[in-house]
Amino acid sequence: MTDQPSPSNEQLLALYERMLLIRRMEERLRADAAAGKLPGAVHLYIGQEAVATGVCAHLRDTDWITSTHRGHGHFLAKGGDPRAMMAEIWGKRTGICKGMGGSMHVADLSKGIIGANGIVGGGLAIAVGAAFAAKLSGDGRVSVAFFGDGAANQGVFMECLNVSTLWKLPVVFVCEHNQFCEFTPSATVTAGELADRARAFKIPCAVVDGNDVAAVWTATADAVRRARSSQGPSFIEARTYRIQGHLEAEELFLAGGKYREQKEIEEWRQRDPILRLRERLLASRICDESRLQATESRVSETVENAAKFAEASEPADPELAFDVMFVGQKP
Ligand SMILES: Cc1ncc(C[n+]2csc(CCOP(=O)(O)OP(=O)(O)O)c2C)c(N)n1
């Protein structure tokens, strides 16, 4: 369709920088995890950066997102502070949740990031609740639920589609179909097309190449416009691929078992969303190599700064758990 909006050249450059930031932060975390420096599990988003970036480019600080156990990319795409996120993952008191949440619970209410979530499908109903609040207050806020293809098999997804349609809530469901639920290929546990589940409620759907940030951007422009103009929910299925393991050091869980072929991973590497945009920027002369190098240096500096900050910070205070989580339960 010709009348669909597409990102301007400047917007493409901004999308590139944000994707690169997510990638380089996670590469750093991958190295830190391998070196045994991180206190908990990390589920990396490498390969899926175009989804969070293309979607969040349309959101304001006052809009809400809910995320998953694979939430670093969503946090950064929504404008979360890289230093505070890194320190949180390191379990430090300077972390965005004072080191009480860790990788799977990064949240920043001031940026509308109402939580990554270790419960698969847990963010769906929270996003719908936030959309209900937005509708009641009539303040034009939009709520976005990021979730995986595995989460789409949870019953709560159907409840959310139902109530958000009925009440015309300003919510966008963004399903990141990255092909796997832990060590299980999605195709073996998922019947039919995911978008058909939303179509059954007459929710407008878009199935897009989740490794093409411009395609994600365009689909989201439409969905967010509908949400802001009180036209109810939308569903976007972004087809992508998880390049890293389900979590770092997954081989310890697999104990020699295998759930995918290396060849498949290599094929998807050829469709890397960042390299694809890089090639497009250069081929269409939107920028030259030197500008991309400047972007790379800026991003490296941010990552280095965040990593140093995290490493040098004080560990989280265990006593704080009784003030913020287990209130009144101190033994
Ligand atoms: C309610 C619940 N059931 C099971 C798990 C264990 N678990 C963690 S991640 C995961 C797979 C999730 O797959 P998907 O939603 O596709 O997200 P992806 O890991 O692919 O990003 C499972 C089953 C959990 N955390 N919560």
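Checking each residue of region 177-191 against the condition of being modelled with pLDDT of 95 or more, in contact with a Phe, Trp or Tyr (Cβ under 6 Å, 6 or more places away or on another chain), surrounded by fewer than 16 Cβ atoms within 10 Å (Cβ to Cβ) and not small (Gly, Ala, Ser) gives at least one match.
Only one entry of THR68, THR94 meets the criterion of being touching a residue at least 24 places away in the same chain (Cβ under 8 Å) and either within 14 Å of the ligand (Cβ to nearest atom) or under 26 Å from GLN179 (Cβ atoms) (or both), and that entry is THR68.
Of the residues making up region 282-289, at least one is farther than 30 Å from PRO204 by Cβ, more than 16 Å from the ligand (Cβ to nearest atom), in contact (Cβ under 8 Å) with a residue 40 or more places away in the chain and in contact with a helix residue (DSSP H, G or I) (Cβ under 9 Å, 6 or more places away or on another chain). If you go through region 246-263 and keep only what is surrounded by 11 or more Cβ atoms within 10 Å (Cβ to Cβ) and either touching a Leu at 6+ places or on another chain (Cβ under 8 Å) or not small (Gly, Ala, Ser) (or both), you end up with HIS246, LEU247, GLU248, GLU250, GLU251, PHE253, LEU254, TYR259, ARG260. You will find that of LEU38, LEU12, the residue that is at pLDDT 95 or above, in a helix (DSSP H, G or I), surrounded by fewer than 24 Cβ atoms within 10 Å (Cβ to Cβ) and not polar (S, T, N, Q) is LEU12 and no other. Residue-level check: of (1) under 13 Å from VAL55 (Cα atoms); (2) crowded, with 19+ Cβ neighbours inside 10 Å; (3) not charged (D, E, K, R), VAL128 misses just (1).
Scanning region 264-302 for residues that are under 20 Å from LEU76 (Cα atoms), of a type in the set (Asp, Glu) and open to solvent by 60 Å² or more (accessible area, probe 1.4 Å) yields a total of 1. Given the criterion touching a Lys or Arg at 6+ places or on another chain (Cβ under 7 Å) and within 16 Å of the ligand (Cβ to nearest atom), identify the matching residue among PHE180, PHE146, PHE173. Exactly one of PHE180, PHE146, PHE173 is touching a Lys or Arg at 6+ places or on another chain (Cβ under 7 Å) and within 16 Å of the ligand (Cβ to nearest atom), namely PHE180. Residues that are crowded, with 24+ Cβ neighbours inside 10 Å, of a type in the set (Val, Ile, Thr) and either away from the ligand (no atom under 16 Å from the Cβ) or in a helix (DSSP H, G or I) (or both) within region 41-65 comprise VAL51, THR53, VAL55, listed in sequence order.
Taking region 78-88 as the region of interest, how many residues are touching a residue at least 40 places away in the same chain (Cβ under 8 Å) and open to solvent by 10 Å² or more (accessible area, probe 1.4 Å)? First the steps, then the outcome.
Taking region 78-88 and keeping what is touching a residue at least 40 places away in the same chain (Cβ under 8 Å), we get 82-83, 85-87.
Subsequent filtering for residues that are open to solvent by 10 Å² or more (accessible area, probe 1.4 Å) retains 82-83.
Residues in region 78-88 being touching a residue at least 40 places away in the same chain (Cβ under 8 Å) and open to solvent by 10 Å² or more (accessible area, probe 1.4 Å): 2 in total.
The values are calculated or read from the model by the stated rules, or taken from the named source; none is laboratory data. All values derive from a computational prediction rather than experimental measurement. Please note: Cβ atoms are built from the backbone with ideal geometry, for glycine as well, and neighbour counts cover all protein chains shown. Surface areas here come from the heavy atoms of the whole protein model, side chains and all, with no ligands, DNA or RNA. Shrake-Rupley method; radii C 1.70, N 1.55, O 1.52, S 1.80 Å.
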